[in-house]
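Below is one structure, written out as structure tokens, with a few remarks after it.
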Amino acid sequence: MRSFLLLLLTVLAILPAFPQSIPSKVYSWSQAPVIKHTGYENRTIMEGPTRDFSNLAVHAVTLFANQPSQHSQTLDEEQLIIIKEGELTLTLNEKKKTLGPGSVALVMPGDLHRFENKTNVPLTYYVMQYTSNEMPDLDLDRLAGGSFWIDWQEVPYKTHDKGGIRRMFDCGTVMTKRFEMHVTTLNAGLWSHQPHTHRAAEILLLIDGTAQESIDGVLQPASVGDVIFLESNVLHGIQNTSKGSCTYFAFQFE
């Protein structure tokens, strides 16, 4: 028996460690580590594997004012951009657009893109990069042109009994079977839904007010800038704890 236990411990010691999945919790903006570079800084909020992604990374980039233009680039990953503060001049292939806070862009693998700050104030935007566990055979020439942006100013706001909603997009992408994003405004004291589960993983990004997220029955506070990650089938629900309304992005993917 002792020999068997020694053999088991030896085998476990030489086996490669499996990466730990990203925990479902509130990730604090103020506590995220920041690395400073010439002309910009990068804030890492969370990174790791999930049920559907071999790697999911969420970070925020601040481009300082009046930076020189960078070269356009392509990536093998897919990425979602959400503008937090300032104005982003975005080039996607041959198209260019200046976007303000709340605007988003979805950049497909292989698409040529460039992010620039042409103003005299800093620009901060969130970047979510992700690679599917079921990595597709990327024919980048065939995929080219699938990227798009959505200007916050052009998204209609529809009121309802709990506040209101902006529908951003709902589509399949290279790395997801379905990716749905909306922005919810929730009146004071209300729950968006009672705690519930669903197959799709979800990320919430608080952009106004304060809230608390119930995750497996534990309440976790959230402030502006915080990111809430909810893995597939985790019991969750969000409540507005502000004196007024709160507003947050919500996006589900699988």
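The values are calculated or read from the model by the stated rules, or taken from the named source; none is laboratory data. Note that the coordinates shown come from a computational prediction; the quantities given were computed from them, not determined experimentally. Cβ placement follows ideal geometry from the backbone for every residue including glycine, while neighbour counts extend to all protein chains displayed. The protein model used for the area step is the full one, side chains on, heavy atoms only, and it has no ligands, DNA or RNA in it. Shrake-Rupley method; radii C 1.70, N 1.55, O 1.52, S 1.80 Å.
Pairs 36/177; 84/118; 97/162; 84/243; 96/177: which exceed 25 Å Cα-Cα?
Details: 36/177 36 Å; 84/118 16 Å; 97/162 33 Å; 84/243 22 Å; 96/177 28 Å.
Cα-Cα > 25 Å for 36/177; 97/162; 96/177; rest within.
For the chain, which whole percent of the accessible surface, found with a 1.4 angstrom probe, sits on carbon and sulfur atoms?
In the chain, the share of accessible area belonging to carbon and sulfur is 53 percent.
Determine the relative contact order of the chain: mean sequence separation of Cα pairs under 8 Å and six or more apart, normalised by residue count, in whole percent.
For the chain, the relative contact order is 18 percent.
Report the calculated FRET efficiency for residue 148 and residue 210 (r = Cβ-Cβ distance, R0 = 30 Å), to the nearest 0.05.
The calculated FRET efficiency here is 0.40.
When only C-alpha pairs under 8 Å and at least 6 residues apart count, what is the relative contact order of segment 95-221, in percent?
Relative CO of segment 95-221 lands at 21 percent.
How far apart, in nm, are two points set 7 Å out from the Cα along the Cα-to-Cβ line at residue 218 and at residue 95?
Those two pseudo-labels are separated by 4.3 nm.
Pairs of Cα atoms under 8 Å, at least six residues apart: use those to get the relative contact order of segment 174-254, whole percent.
48 percent
Treating the beta-carbon of each Lys and Arg as +1 and of each Asp and Glu as -1, no other charges, what is the dipole magnitude of segment 31-182 about its Cα centre, to the nearest 20 debye?
So the magnitude is around 520 debye.
Report, by chain and number, residues whose modeled amide H sits under 5 Å from the one on residue 78, excluding near sequence neighbours (fewer than 5 apart, same chain).
130
Output wanted: per-residue J couplings in Hz (rounded whole) for segment 87-104, from phi through Karplus 6.51 cos²θ - 1.76 cosθ + 1.60, θ = phi - 60°, x for Gly and Pro.
Once rounded to whole Hz, the list reads 10, 9, 8, 10, 10, 10, 6, 9, 9, 9, 8, 9, 10, x, x, x, 6, 9.
What is the spin-label model distance, in nm, from residue 54 to residue 114 if the labels are put 7 Å beyond Cα along the C-beta direction?
A separation of 3.1 nm, rounded to one decimal place.
How large is the dipole of the chain about the Cα centre if only Lys and Arg carry +1 and Asp and Glu carry -1, each at its Cβ, rounded to the nearest 20 debye?
460 debye
Hey, with R₀ at 51 Å, roughly what FRET efficiency would residue 191 and residue 72 work out to, going by the Cβ-Cβ distance, to 0.05?
Working: r = 44 Å, r/R0 = 0.86.
Step by step, r from the Cβ atoms, then E = 0.70.
Do the sum for the chain: with -39,500 (n - 2.57) for every DSSP H run of n ≥ 4, divided by all residues, what is the mean residue ellipticity at 222 nm, to the nearest 500 deg cm²/dmol?
-2000 deg cm²/dmol
How big is segment 39-99 along each principal axis, measuring the range of its Cα positions in Å and listing the largest first?
Between the extreme Cα coordinates on each principal axis of segment 39-99 lie 39, 26, 19 Å.
Might you tell me the accessible area per residue for segment 26-129, computed with a 1.4 Å probe and given in Å²? Don't jump to the answer; show the numbers that get you there.
Numbers: 4690 Å² over 104 residues.
For segment 26-129, the per-residue accessible area is 45 Å².
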